Each structure stands twice: as structure tokens, then as C-alpha cells.
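The values are calculated or read from the model by the stated rules, or taken from the named source; none is laboratory data. From a predicted model like this one, the values you see are computed outputs, not experimental measurements. Glycine also receives a Cβ, built like all others from the backbone with ideal geometry; neighbour counts cover every protein chain displayed.
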Amino acid sequence: MLFCAQSIFSQRVFNSVDTNKPTPLTQADTIDFLRQKGDTCMIQLNYDLAAFYYRKMLEKKISDSYALRRLKEAEHAQKRICKSYFTYGEQLFYRKDYLNSKPFYEKVVEQGCNFTPIARERLLQIEKIVNSKKKDVDK
């Protein structure tokens, strides 16, 4: 079974090598290996890492149509997820459910998508609102 973050293959390659010496990554960097890693990440819905592996494939073979198609799919899925996080955050924010909206905005910032500037602004607003409520309770 191939894992997205680290495969059994790479564990065997790196566990059997003296860690004090730099090791070439030629075995792990083959196009087939990168394709398997990217596809596994797609199955596991880890689109950001899948896109990373498809970009690595394209570095090795710039005209790889499979890698180009899968990279577009991964990037599109990542944008869709990011938009969903932002939308959920906005819905909660406007319901004045600030603490529950915060994790959604943090996810947007973490992923660095188009909504990041607005999400950062909302996080600052939430911090101010929470701090002002604390001050009111302390009085």
C-alpha cells in the first residue's frame, strides 16, 4: 500500500542507508514513483501534496499530459475546498459565532488561497471582538 506522506518504498530505501551520508534520491524520483505518490494523495484528498508530486513529474518530463491533467484537477479541487472553508467561516462570522468561524479562516490562511487576505482580516476582527468581550466580563 502506498501512503501519501511517506511510502513504504521510501521508508525501506532511507531506513537501510547510513543517515550520516547524503543519499541520492534517484530511485525515489522516478516518474512512475511520483505518479503513484500523486495519485495516492488524490485518493486521500490531499490535493496540495498531490499537486506537489505532479509538479515534480513535470520537472522531469515537461510534456507529460497525465501530470498536466492531474495537476489541474488537484489545483481545482484545492480551490474548491478553500472556497468552502471561507464560505463556512463567513456564514458563522455573520451569525456572530466568532469562535467557530475562526478555524475555517485559519484553514484558508494555511492553504494560502485567493481568500487569504479577507480571512486574515476576519481573524483580526475576531481577536478584537473576543478581547473586547473578555474586557467586558472582567469589569
Exercise. Working only within region 1-60, note down all residues that are surrounded by 16 or more Cβ atoms within 10 Å (Cβ to Cβ), modelled with pLDDT under 50 and either of a type in the set (Lys, Arg) or under 19 Å from the mean Cα position of the chain (by Cα) (or both).
Key: Ser7
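For every residue, the table says whether it meets (1) touching a residue at least 12 places away in the same chain (Cβ under 8 Å); (2) under 23 Å from the mean Cα position of the chain (by Cα).
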{"site": "Lys72", "(1), (2)": "no, yes"}
{"site": "Ala77", "(1), (2)": "yes, yes"}
{"site": "Ser84", "(1), (2)": "no, yes"}
{"site": "Tyr88", "(1), (2)": "yes, yes"}
{"site": "Gln91", "(1), (2)": "no, yes"}
{"site": "Tyr94", "(1), (2)": "no, no"}
{"site": "Asp97", "(1), (2)": "no, no"}
{"site": "Asn100", "(1), (2)": "no, yes"}
Exercise. Identify all residues within region 112-132 that are surrounded by 14 or more Cβ atoms within 10 Å (Cβ to Cβ) and touching a Lys or Arg at 6+ places or on another chain (Cβ under 9 Å); write none if there are none.
Key: Cys113, Phe115, Ala119, Arg122, Leu123, Ile126, Ile129
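Kindly indicate which of Glu110, Glu106, Glu127 is more than 18 Å from Arg80 (Cβ to Cβ) and under 18 Å from the mean Cα position of the chain (by Cα). Walk me through how you get there before you give the answer.
Values: Glu110 fails: more than 18 Å from Arg80 (Cβ to Cβ); Glu127 fails: under 18 Å from the mean Cα position of the chain (by Cα).
When all the criteria are applied, what remains is Glu106.
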